Structure formats: structure tokens, C-alpha cells
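Engineer: Pasting in a structure now, in C-alpha cells, and then I'll have a few things to ask.
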Amino acid sequence: MITHQTNPAPRILLTGVGPYRNRGCEAIVRGTMEILRHEFGPEINVRAGVIGSRATVAAQIASEIDPAVNSFALSNKLEGARWSPGWFIQKANQHLGTAFYPHLKDLKEPAKSATVALEVGGDHYSLDYGKPIYYLAMDRFLQKYGVPVVLWGASVGPFDADPAFAPHMFNHLRSLSAIFVRESDSYNYLRANGVVENVHLIADPAFVMKPVEPPLGKIGFALPEGAIGINLSQMVAFYRGQRPGDVDLKEWLGCCVGLVKSAATLKRPILLIPHVGSSEPDNSDFGLLNSVCQAVSGNVPVQVQVLPDGLNAAELKWIIARCAVFAGARTHSTIAALSSHVPTLSIAYSLKAKGINRDIYGHLEHCIHVSNLTSGNFTEGLRVLLDNEVAIRNQLQSRIPELQFAAFKAGAILRKISGGTPI
């Protein structure tokens with residue numbers, strides 16, 4: 001039997017963490033801590049660099065429920081209104097070849113004491129949100145300090161839309177100490193482009209986050225039996241047009257109302273489940289789903305309710321687990337459902353949803369790209385899940401433990417990278 005207590009725990013730095021208002025970001029951290037405790041023991045602590053304003057991160061620190069997670073603020077990405085300081089810095093880097101990255105100063109002290117840095121996954125290393133220059137700068141900065149950098153639980157690519165940038169990206173990825181990808185599409189894509197030796201296929205850390213029952217009264221109403229859970233977001237609307245970014249948010253709200261009205265014909269109560277809150281109206285599930293709920297309430301033959309703000313990632317997972325079936329636009333809302341063995345329909349906009357669906361179901365029949373989404377195929381997708389609920393639950397009960405094992409396997413590989421006793 002391996003005993004880890006004889007070796008000091010590594011000093012782990014999490015970088016690139018999003019604020020917990022995005023429950024997917026929180027789910028990744030909670031799952032990561034499960035993996036780290038499983039591998040290194042209950043004494044493990046981490047420092048987490050959270051991308052956000054000082055006020056946002058201070059509020060997150062004040063409400064942190066895991067004393068082993070010690071967060072600090074990383075300056076916001078290089079963005080801002082025209083003529084703002086962030087805008088000038090971004091343009092200088094772009095056109096003059098400079099490398100002004102204000103967030104790097106926030107990493108200087110944590111880097112000095114870190115044994116290993118986990119660049120926390122998701123889909124930063126893609127072109128879905130533009131070139132990932134912000135994250136590449138962090139990687140290089142940490143490498144300069146001799147800190148091994150691990151891309152942790154990520155989907156990667158594709159970079160085909162920018163053929164001039166792609167070789168630079170692949171060279172950078174080869175320089176990392178390890179890349180833990182969460183689905184086989186990313187794994188195969190990297191290997192096809194010569195990134196091979198440092199790539200490991202695992203599973204998203206959120207698959208091992210434990211659900212937590214919310215305190216009585218936090219939900220505000222009794223959860224309906226046999227409900228259809230639905231998560232919709234403003235963000236996927238930006239991938240609905242022929243060109244990413246082409247979006248009419250009023251049209252998207254109307255589309256979402258139509259989806260829910262159509263789903264109501266299945267004669268099941270509907271639970272609308274926000275998974276991301278944001279100060280940016282265009283990126284908040286709460287505002288969208290509240291508007292949808294107001295528009296359909298009293299106009300459909302079933303009860304439609306929306307969950308309140310304030311539920312954390314583990315509490316949302318507990319609620320999602322009580323749905324009969326689930327449809328989600330936010331990736332980590334679908335991971336909460338799938339890892340709870342709830343038959344799930346994914347509304348996809350990128351590589352990650354397709355890869356996760358292929359790895360779990362073996363096909364894409366329960367995955368609809370947002371550009372092809374209609375009330376008809378949405379409701380039919382839910383109908384298929386309901387008609388085959390028992391068989392799909394049995395399939396998930398067989399497959400999900402394998403993914404959870406793969407997620408925990410990342411800890412053993414990380415032990416080797418961070419200088420622990422080889423497994």
C-alpha cells in the first residue's frame with residue numbers, strides 16, 4: 001500500500017481560475033480539491049489565482065467554504081473600452097511587440113514558493129474567446145521561475161481558423177510539463193498536430209465534485225417530482241449565427257421562450273437552472289432565465305420555476321440530480337447532470353460538448369449544436385431521453401465511474417511531476 005504521508009505535500013498553485021459566480025469554475029476547483037486530497041492527503045492546501053476585480057475576489061475569499069483554498073486576485077484580462085488603459089496595453093502588445101501583462105505581477109510572490117502550477121482547464125486554450133495570450137503569458141512567466149506548468153482538465157483547440165497562430169500554439173503546448181485533456185476529441189487533435197509526449201486523457205475534475213443538499217429554505221420552494229431541468233445562457237447565442245459574435249439577444253430570448261413552451265408539451269414540470277451569474281448582462285443566466293420564466297408562466301400547461309441566485313456549484317448538482325432529465329447550454333451544468341446519472345441533452349457551441357458526449361454516450365445523438373437548435377429538435381431530444389430514461393441511466397451508471405477513475409488518475413501523474421514518490 002502506498003502511504004503519501006512520508007513526503008511533504010506539494011505547494012500547488014492554481015492559475016486562470018474564474019470567479020465562482022461561474023459555477024463551472026467553482027465546480028472545477030471543488031473537483032480538483034477532491035483529486036488532490038485523494039492523492040496527497042487531507043493536509044493539502046492550494047493558492048488560487050482568480051481572474052477578477054479585487055472586490056469580486058475579496059467577496060469570494062470571504063465566502064469560501066473550503067479552508068484549504070487560499071485565493072488571491074489576478075488582474076482582469078487586457079480589455080476595456082476604447083482609449084481605456086487596458087485598451088492601450090492591448091494595442092501596444094498587438095502592434096509594437098511589447099509584452100505588458102499587468103496580471104503577471106500578481107503571480108510573482110506565489111510563483112516563488114510553488115512546487116507546481118495547474119493552469120485550470122475549461123476551454124481557455126482555444127479560439128472560442130480569441131487568442132489565449134493572457135494564459136500563455138502566465139505559463140511563460142511561471143516557467144521562467146522554474147515552476148512546472150500543467151494544463152489541468154482542459155479542452156484544447158481547434159486553432160485551424162488562425163493558421164499563422166496554430167504552430168506557435170502547438171510549440172507552446174509542447175513546452176508544458178503536462179496537458180490533462182478532459183475528452184478524446186482534444187486528445188486526438190493534439191496528437192494529430194504533433195503534441196504527443198506530455199498529453200494525458202483524463203476527465204473533467206467536476207465529475208468528482210460531491211453534491212451537497214442546500215439548507216432548508218435556500219431554494220424557496222419544494223422541488224417538483226419528475227421535472228425537466230433546463231439551463232440556457234446568453235453566451236451560447238453568440239455562436240448561433242453564421243459568424244461567431246453575430247447575435248440578436250432579443251431574438252435569442254424569444255427562442256428560449258419558444259424552447260421552454262415547446263418542452264412544456266411533454267407534460268412535465270420544468271425547472272430552470274441558472275449556472276453562471278455575472279455583472280455583465282450578456283453573460284448572466286439568471287437574468288435570461290428569469291425573463292423566460294416570466295414570459296411562460298401561466299401560458300403553459302405545466303409549472304415552470306426558476307432557481308434563485310445564491311446556490312453554489314455543489315448545491316446545484318444536488319438539485320440537478322433530482323431531475324428526471326436535463327438539457328444544458330453551460331458545459332458544467334451538463335457535467336453535473338451526467339455525473340449524477342441524469343439523462344442529458346447538451347446544447348453545444350464548441351469542441352468540448354461534442355467530445356464529452358462522444359466519450360460518454362459513444363455518439364452525438366444527445367447533443368445539438370446551437371446553430372441548429374429549434375423548438376422541434378429540442379423537445380424531441382428531451383422526449384427521447386424521457387422515453388429511454390431507465391436505459392440511459394443504466395448506461396451512465398456504468399460509464400461515469402470510469403470517468404471518475406480517470407479524473408483521479410490525474411493526481412497520480414501530478415505526484416510524479418511535482419517531485420513526489422513515483423507511483
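The values are calculated or read from the model by the stated rules, or taken from the named source; none is laboratory data. Given the structure is predicted, the values throughout are model-derived calculations rather than measurements. Here the Cβ positions follow ideal geometry from the backbone for every residue, glycine too, while neighbour counts run over all protein chains shown. Keep in mind that these areas ignore ligands, DNA and RNA; they rest on the heavy atoms of the full protein, side chains included. Shrake-Rupley method; radii C 1.70, N 1.55, O 1.52, S 1.80 Å.
Engineer: For region 99-109, enumerate the residues that are open to solvent by less than 10 Å² (accessible area, probe 1.4 Å) and part of a helix (DSSP H, G or I).
Structural biologist: Residue satisfying the conditions is Leu107 alone.
Engineer: Closer than 18 Å to Ala348 by Cα, assigned to a loop (DSSP other than H, G, I, E, B) and in contact with a strand residue (DSSP E or B) (Cβ under 9 Å, 6 or more places away or on another chain): does that describe Ser233?
Structural biologist: When the stated conditions are applied, Ser233 passes them.
Engineer: Has region 221-233 got at least one residue that is surrounded by 16 or more Cβ atoms within 10 Å (Cβ to Cβ), in contact with a helix residue (DSSP H, G or I) (Cβ under 7 Å, 6 or more places away or on another chain) and modelled with pLDDT under 95?
Structural biologist: yes
Engineer: On to the next question. Cβ contacts < 7 Å: first residue within 30 Å of Val208 (Cα to Cα) and open to solvent by 60 Å² or more (accessible area, probe 1.4 Å), restricted to region 289-314; second residue of a type outside the set (A, V, I, L, M, F, W, C) and in a loop (DSSP other than H, G, I, E, B), any location; separation 6+ or different chain. Result?
Structural biologist: Qualifying pairs under 7 Å: Asp309/Gly277.
Engineer: Still on this structure: Looking at (1) crowded, with 22+ Cβ neighbours inside 10 Å; (2) closer than 24 Å to Val276 by Cα, which is the only condition Leu36 fails?
Structural biologist: Tallying (1) crowded, with 22+ Cβ neighbours inside 10 Å; (2) closer than 24 Å to Val276 by Cα, Leu36 fails exactly one: (2).
Engineer: Hey, any hits in region 239-259 for a residue that's touching a strand residue (DSSP E or B) at 6+ places or on another chain (Cβ under 7 Å) and at pLDDT 95 or above? Reasoning before the result, please.
Structural biologist: Step one: list which residues in region 239-259 are touching a strand residue (DSSP E or B) at 6+ places or on another chain (Cβ under 7 Å), which gives none.
No, region 239-259 contains no residue that is touching a strand residue (DSSP E or B) at 6+ places or on another chain (Cβ under 7 Å) and at pLDDT 95 or above.
Engineer: Looking at the structure I just gave you, is Ser284 crowded, with 20+ Cβ neighbours inside 10 Å and of a type in the set (Gly, Ala, Ser)?
Structural biologist: Against the criterion (crowded, with 20+ Cβ neighbours inside 10 Å and of a type in the set (Gly, Ala, Ser)), Ser284 qualifies.
Engineer: Is it the case, given these coordinates, that Ala348 is touching a Leu at 6+ places or on another chain (Cβ under 9 Å), at pLDDT below 95 and either closer than 21 Å to Glu183 by Cβ or not β-branched (Val, Ile, Thr) (or both)?
Structural biologist: yes
Engineer: Could I ask something else about it? Quick one: in region 378-399, which of the residues that are farther than 13 Å from Val342 by Cα and touching a helix residue (DSSP H, G or I) at 6+ places or on another chain (Cβ under 8 Å) is most open to solvent (accessible area, probe 1.4 Å)?
Structural biologist: For region 378-399, the residue satisfying everything is Arg383.
Engineer: Related question: Looking at region 263-278 only, could you name the residues that are in a loop (DSSP other than H, G, I, E, B) and touching a residue at least 60 places away in the same chain (Cβ under 8 Å)?
Structural biologist: Residues satisfying the conditions are Arg268, Ile273, His275, Gly277, Ser278.
Engineer: Here's a follow-up. Only one of Ala58, Ala68 is within 20 Å of Lys108 (Cα to Cα) and either hydrophobic (A, V, I, L, M, F, W, C) or surrounded by 14 or more Cβ atoms within 10 Å (Cβ to Cβ) (or both). Can you tell me which?
Structural biologist: When all the criteria are applied, what remains is Ala58.
Engineer: Right, something else. Might you let me know whether region 175-186 holds any residue that is touching a helix residue (DSSP H, G or I) at 6+ places or on another chain (Cβ under 7 Å) and of a type in the set (Phe, Trp, Tyr)?
Structural biologist: yes
Engineer: What residue, among those in region 353-377 that are open to solvent by less than 20 Å² (accessible area, probe 1.4 Å) and touching a residue at least 60 places away in the same chain (Cβ under 8 Å), is nearest to Ala406 (Cα to Cα)?
Structural biologist: Residue satisfying both the conditions and the ranking: Ile356.
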